[in-house]
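What follows is a single structure, written as structure tokens, with notes after it.
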Amino acid sequence: MQLIPCPWCGPREEAEFHYGGQAHVAYPEDPSALSDEEWAQYVFFRENPSGPFAERWSHSAGCRRWFNAVRDTRTHDLLAVYRVGEPMPEVTA
Amino acid sequence: MTVSPLAAWTDRLAALAPALDVTEVPFRSQLTVRVSDPDAIAAMGDALGVRFPAVPCTFSAGTGEFGAVEVLWLGPDEFLVTASPDLQVTIEEVLRGALQDVRGSVVDTSAQRTTVVLQGPRARDVLAHGCSVDLHPASAPRGTCVQTLLARTGIVLQVNDDGYTILVRSSFAEYFAAWLADAATEYLAVP
Amino acid sequence: MTHRTPTGGSIDRNTLLRFTFNGTEYTGHPGDTLASALLANGVHSIGTSVKLGRPRGVVAAGSEDPTSLVQVEAPFSEPMLLATTVELYDGLVARGLSGQGRLSAEPDPARYDAKHEHCDVLVVGAGPAGLVAALTAARAGARVVLVDEQNQAGGALLGVDEYLDDRPSAEWVADVVAELKSTPGVLVLERTTAFGMYQDGFVLALQKRTDHLGFAAPAAVARHRVWRIRTRQTVLATGAHERPVVFADNDRPGIMLASSARTFLHRYGVLPGSRAVVFTTNDSAYCAAIDLAESGVDIALIVDARAEAPARLSTECAARGIEVRAGQFVTGTEGSSRVEAVLVGDQRIACDTLLVSGGWNPVVSLFSQARGALRYDSELGAFVPGEELPTVRVAGSATGELDLTACTRQGRDAGAGAARAAGFTPGGQVPLPASDSRCTARSGLVLWRVPGSDDTSFVDLQRDSTVADVLRATGAGLRSLEHIKRYTTIGTAHDQGKTSGMIAAGIVAEALGVELGEQRPTTFRPPYTSVSFAALAGRDRGELHDPVRVTSIHPWHVEHGALFENVGQWKRPWYYPQPGEDLHTAVLRECRATRESVGLMDGSTLGKIDVQGQDAGKFLDMLYTNLMSTLKVGKIRYGVMCGVDGMVIDDGTVIRVGEERYLVTTTTGNAAKILDWMEEWLQTEWPHLDVHCTSVTEHWATIPLVGPRSRDVLAAVAPDLDVSNEAFEFMTWHDTTVAGVPARVCRISFSGELAYEINVTGWHGLTVWKALMEAGKPYGITPYGTETMHVLRAEKGYPIIGQETDATVTPQDLGMSWAVSKKKPDFIGKRSFARAENNRSDRKQLVGLLPVDPAVLLPEGSQIVETDRLPEPPVRMLGHVTSSYPSAALGRTFALALVRSGHDRIGETLYVPVEDALVPVTVTESVLYDKEGARRDG
């Protein structure tokens, strides 16, 4: 049972959290201006790197806040957590 | 006539003494407040006679116009105000008055959760069977308030001087009571 | 004949325990294991091997033993236990196994539980290194947990009669344990095996709490407990296992690891036999030989594989008349149910016991699970911890160190280092005890096998896997140990290769002509020793398996004989059978009563979310496909929510409570998901919006009151409310008093009938329900459950999210284009509606199906095909039946279905394969009852 450090509540067991996929995928300003191709990129396509990956988590059984985390997909080690709106910190994997 | 979620459990919970003193405190007034403006937070605190908690995962208590009131930190802009029964309508009005036009919300959630007070020599042991948060006094001193999981239900857990106050969603209350009674089995034989 | 020594061992010789093994009664003593008691009775043959049926005995004294599997039959039948780890109790009944056990057909009456524990320093293993580590950390003030799999602390000291600080080692151990147990913040757990080590200092340990009590085990005490330990720092003092050497016919009962024989002698007062040969590659077996000789065992010969025997130990042996031969090997054995002779070169030596030592394997399983890299130590012939980890330290023989003083020093360093890393300052140093051990050197010969008959040279005794199997694997071109493990099954039995894995790796390296250091060892995975599923399940069984959520009205449903349906975790009344009724007759009655007079149901499980803020309307406009900001205060609108892909995710009603306040309802199963969905958009995309969402699902009890007489019933309980059609219009709400309780009444309908939805706080739900039942008596008011609700809504063609939809269905597919705004510039899902894929004419669309034979009920989930005869496969499927019911109102059966180009097929005849027949059905619009909506206003 991994610990995930909620930026508000501190480390809690992963069972309290909900996964939200890749971070920093913004809802397009004007979806109607996008081609089908561009829209499909937004809806269906996500990165799948081997290594550090910025993703969103929600502390769903705790403070219900969404936040971002950089996880090394090879080890599951959480290299950093940061609040929504903050820039992704530099990490070393 | 009102019926509390654990009305049918009074005797079964009482039977857990002396290892565990479990009491439902029904019909408490509870209001969920969403607010982040510091002035509004201060105004709300003034109106209730209790300073809102500034530190995550804590609660504060005070006494004012509405008697003993507690304010629980639930999130960076989310609080739960709890007070004696039958005050929810007036407290909601007072909080709305304090909020004025500032961004935020006040919702009466009194029947959303029921309140259970857990005391006795085995209270911490019993919770440790289902709660992964460290409740050792060094890690969770009096005034701690965490939202977490107890076995398979969410709870809000307050650490008091002499035990714990647990808020559980009304629909999960019977599961919570059944779990608690079962967890206490071993301690009934050897209190 | 007894093989018990006259004195010694930590057994209670004054108490006799009776037990039965393989049908024969024996006696033993408290402190015995089943294995030691059997050996004391001269029983060496425990079971037979899984494939070859060869007799097998006891190889080791502890949990590393590969062979002594038994089935315990009483007090409760349990398979696959090791005789060496079953503590003896009075009345024990067991029998030997042949590789497989048998699960009991009876439910296990025992309790199992789990407990969370937090500490600064976890020490695994209460041998000398672990004890010193724990004491050092405890004295520094750290919260310490010490776990050990034995029933008493001491580790390797339990198997020797050595002295520490000039007194029996047990006294030193007892002093340390006593201090630990009396130190606040220290938890000492005996009979507790740390079996899994995970990220972030998470360690799972299994404690066997009452097994040793047998029939006297108290029922209220959990038999096994899984400790879920969260620690900052860990000291692994897990010790080492002695390793055998493989030779021909090395599997006969009576062939035992030398240190294990020594353990049986000192811990249990049991002699393994009367005449023994010792075969060793290192010094430690000499100590076993000398101890056994002094206890009366005739040591026929020590065969030392090294070119030279150790001088001092040879002299000690000579003084006791023990012959030592260096540079020789045991090449085979003879015997039937037990070893009778040992072959050394061309010499045959009669004996009843063969003690073997091939060196020591540090127990690195947990270190490896903690992702520690292992390093091959060529002097030791074993994998040892190969790096330092920030939160895990290793001490004692688990590092490969075999000298006791060095082990305790490592323990002290590790304990101090762990305490310091956890933020504590160790004070004075814990004094290290002085040892009188004869065996301090680690100089040994690395020897995996003695050449001989490959087919009877067993590597994994439990799996009956031999040297021949290993060579067959390498001969077939396998090179990786992981592959060879799977091909040969070596190391896959209950013992996970504790005695066989290293040897297999060695034989593979020799066969391939590679250095072992270049071989990657197989991955150690939890659990270290067997853990029963019952222990892992713990208390999550029966009523606690999954939370049962109930509404405030639930007691009434139970009292009135409702049968329940699980909807998510909720228990919802399914239907209320009267005597003699089955599902269909009850539901037909409930439907008829509701359509003809009045019914009511418990709708409290609906998700309810309070949405407040200046931008609440704007926010809901983005979430729903239709406009919500234009809704007037006091009005209600139905809405559909889609994902960004345009697929329907939920539906429900939206009530405008105030200028800046709405109440949104969700389907029962999606309440939490939709609140999360809202928070996700608000927190991550639109934090600038002034909107807050709060769940009030359980604050409100919700009771739909449905049917042409619902107005009369409501009027009776809500005297302040003008219930006329003019004053209380469809899709509006009023706050009033119902049965004396403040209530919000909404006029909405999920059945097409005149209907109201009464909302009161959960505390009042039961009271108001009873008042409605009372007030409805003159009209024969009928409570109905989810099944009737489903029929009533299906007759009206209303979809159920999750039944008619499956994440591939758009609002348009459901025939709900009317609910999709053309005015709004954007909402979630809108852009996807313009995608070509979502505009194909052959999309599956919601339609009604009427079986040509009105009595035929189509099974839900049935496929739909185009022709009245099935063509050769592949058969083109047009869709499937999503809902199907008999209908009282229609006087026939009907169904809803998703059908390719369904909206264009209305009037067509299609076919549904049911068992062997193709049932003809007519495609219709999805609305089958009261198409003109005449019943809505009563």
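The values are calculated or read from the model by the stated rules, or taken from the named source; none is laboratory data. Because the structure is predicted, anything quoted here is derived from the model rather than measured. So basically every Cβ, Gly included, is an ideal-geometry build from the backbone, and we count neighbours across all protein chains shown. All accessible areas refer to the heavy atoms of the entire protein, side chains included, with ligands and DNA or RNA removed. Shrake-Rupley method; radii C 1.70, N 1.55, O 1.52, S 1.80 Å.
For the stretch C:725-741, the count of residues that are part of a strand (DSSP E or B) and within 13 Å of another protein chain (Cβ to nearest Cβ) is at least one. One residue stands out in the stretch C:475-489 among those that are in contact (Cβ under 8 Å) with a residue 40 or more places away in the chain and of a type outside the set (Asp, Glu): the one that is least open to solvent (accessible area, probe 1.4 Å), namely C:Leu481.
Within the stretch C:259-294, if we keep just the residues that are outside any strand (DSSP E or B) and among the β-branched types (Val, Ile, Thr), the residue that is most open to solvent (accessible area, probe 1.4 Å) turns out to be C:Thr263. Screening the stretch B:109-141 for residues that are within 21 Å of C:Asp120 (Cβ to Cβ) and more than 9 Å from every other protein chain (Cβ to nearest Cβ) and picking the one that is least open to solvent (accessible area, probe 1.4 Å) gives B:Ala140.
For C:Ala715, the conditions (1) surrounded by fewer than 24 Cβ atoms within 10 Å (Cβ to Cβ); (2) touching a strand residue (DSSP E or B) at 6+ places or on another chain (Cβ under 6 Å); (3) away from chain B (no Cβ under 13 Å) are fulfilled apart from (2). Among the residues of the stretch A:18-38, those identified as under 24 Å from C:Lys673 (Cβ atoms) and either open to solvent by less than 50 Å² (accessible area, probe 1.4 Å) or in a loop (DSSP other than H, G, I, E, B) (or both) are A:Gly20, A:Gly21, A:Gln22, A:Ala23, A:His24, A:Val25, A:Ala26, A:Tyr27, A:Pro28, A:Pro31.
Screening B:Ala47, B:Ala17, B:Ala43 for residues that are at pLDDT below 95, away from chain C (no Cβ under 14 Å) and more than 20 Å from the chain's Cα centre (by Cα) leaves exactly one candidate, B:Ala17. Among the residues of the stretch C:669-689, those identified as touching a residue at least 24 places away in the same chain (Cβ under 8 Å) and either among the aliphatic types (A, V, I, L, M) or open to solvent by less than 20 Å² (accessible area, probe 1.4 Å) (or both) are C:Ala671, C:Ala672, C:Ile674, C:Leu675, C:Met678, C:Trp681, C:Leu682, C:Leu689. Out of curiosity, is A:Ala15 within 12 Å of chain C (Cβ to nearest Cβ) and buried (at least 18 other Cβ atoms within 10 Å of the Cβ)? Taking the combined requirement at face value, the residue does not satisfy it. Open to solvent by 10 Å² or more (accessible area, probe 1.4 Å), away from chain C (no Cβ under 12 Å), more than 19 Å from B:Pro26 (Cα to Cα) and not small (Gly, Ala, Ser): is that true of B:Thr144 in this structure? Spelling it out, B:Thr144 is indeed open to solvent by 10 Å² or more (accessible area, probe 1.4 Å), away from chain C (no Cβ under 12 Å), more than 19 Å from B:Pro26 (Cα to Cα) and not small (Gly, Ala, Ser). Look at (1) surrounded by fewer than 20 Cβ atoms within 10 Å (Cβ to Cβ); (2) out of contact with any Asp or Glu (no Cβ under 6 Å at 6 or more places or on another chain); (3) in contact (Cβ under 8 Å) with a residue 12 or more places away in the chain; (4) farther than 30 Å from C:Val392 by Cα and you find that C:Met256 fails only one, number (1). Right, C:Thr529: more than 14 Å from chain B (Cβ to nearest Cβ), in contact with an Asp or Glu (Cβ under 8 Å, 6 or more places away or on another chain), at negative phi and assigned to a loop (DSSP other than H, G, I, E, B) or not? So C:Thr529 passes the test.
The single residue among C:Arg472, C:Arg525, C:Arg520 that is farther than 27 Å from C:Gly396 by Cα and either in contact with a helix residue (DSSP H, G or I) (Cβ under 6 Å, 6 or more places away or on another chain) or not hydroxyl-bearing (Ser, Thr, Tyr) (or both) turns out to be C:Arg472.
One line per residue, one yes/no per condition, for (1) within 25 Å of C:Ser552 (Cα to Cα); (2) touching a residue at least 40 places away in the same chain (Cβ under 8 Å); (3) of a type outside the set (A, V, I, L, M, F, W, C):
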| residue | (1), (2), (3) |
| --- | --- |
| C:Thr697 | yes, yes, yes |
| C:Trp700 | yes, yes, no |
| C:Ile703 | yes, yes, no |
| C:Gly707 | yes, yes, yes |
| C:Val717 | yes, yes, no |
| C:Val723 | no, no, no |
| C:Glu729 | no, no, yes |
| C:Gly740 | yes, no, yes |
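A count restricted to the stretch B:89-114 and to residues that are closer than 21 Å to B:Ala42 by Cβ and without any contact (Cβ under 8 Å) to a residue 24 or more places away in the chain stands at 3. Against the condition within 18 Å of the chain's Cα centre (by Cα), farther than 21 Å from B:Phe172 by Cα and at the interface with chain C (Cβ under 9 Å from one of its Cβ atoms), how does B:Val106 come out, does it pass? Criteria met by B:Val106.
Scanning the stretch A:54-80 for residues that are within 14 Å of chain B (Cβ to nearest Cβ) and not aromatic (Phe, Trp, Tyr) gives A:Ser58, A:His59, A:Ser60, A:Ala61, A:Gly62, A:Cys63, A:Arg64, A:Arg65. Which ones in the stretch C:181-197 are open to solvent by 40 Å² or more (accessible area, probe 1.4 Å), in contact (Cβ under 8 Å) with a residue 12 or more places away in the chain and closer than 17 Å to B:Asp134 by Cβ? Once the filter is applied, which keeps residues that are open to solvent by 40 Å² or more (accessible area, probe 1.4 Å), in contact (Cβ under 8 Å) with a residue 12 or more places away in the chain and closer than 17 Å to B:Asp134 by Cβ, the stretch C:181-197 yields C:Gly185, C:Leu187. In the set (1) crowded, with 17+ Cβ neighbours inside 10 Å; (2) in contact with a Lys or Arg (Cβ under 8 Å, 6 or more places away or on another chain); (3) touching a residue at least 24 places away in the same chain (Cβ under 8 Å), the condition left unmet by A:Leu3 is number (3). Looking across the stretch C:745-770, the residues that are within 12 Å of another protein chain (Cβ to nearest Cβ) and open to solvent by less than 30 Å² (accessible area, probe 1.4 Å) come down to C:Asn759, C:Val760, C:Thr761, C:Gly762, C:Trp763, C:Gly765, C:Leu766, C:Val768, C:Trp769. A single member of B:Tyr187, B:Tyr175 is in contact with a helix residue (DSSP H, G or I) (Cβ under 7 Å, 6 or more places away or on another chain) and either more than 10 Å from chain C (Cβ to nearest Cβ) or farther than 26 Å from B:Pro76 by Cα (or both), and it is B:Tyr187.
Here is a yes/no grid of residues against (1) of a type in the set (D, E, K, R); (2) within 14 Å of chain B (Cβ to nearest Cβ):
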{"position": "C:Val644", "(1), (2)": "no, no"}
{"position": "C:Asp651", "(1), (2)": "yes, no"}
{"position": "C:Glu660", "(1), (2)": "yes, yes"}
{"position": "C:Thr665", "(1), (2)": "no, no"}
{"position": "C:Thr668", "(1), (2)": "no, yes"}
{"position": "C:Ala672", "(1), (2)": "no, yes"}
{"position": "C:Leu682", "(1), (2)": "no, yes"}
{"position": "C:Val691", "(1), (2)": "no, yes"}
{"position": "C:Thr702", "(1), (2)": "no, yes"}
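For beta carbons closer than 9 Å, sequence separation of 6+ or different chains, a first residue in the stretch A:31-46 that is under 17 Å from C:Gly643 (Cβ atoms) and hydroxyl-bearing (Ser, Thr, Tyr) and a second that is assigned to a helix (DSSP H, G or I) and modelled with pLDDT of 95 or more, the qualifying pairs are A:Tyr42/A:Pro31; A:Tyr42/C:Arg831. The one condition from (1) open to solvent by 30 Å² or more (accessible area, probe 1.4 Å); (2) over 22 Å from C:Arg936 (Cβ atoms); (3) touching an Asp or Glu at 6+ places or on another chain (Cβ under 6 Å) that C:Asn725 does not meet is (2).
Give me the residue from the stretch B:21-40 that is away from every other protein chain (no Cβ under 14 Å) and crowded, with 17+ Cβ neighbours inside 10 Å and, out of that set, nearest to C:Val768 (Cα to Cα). So the residue we want is B:Val22.
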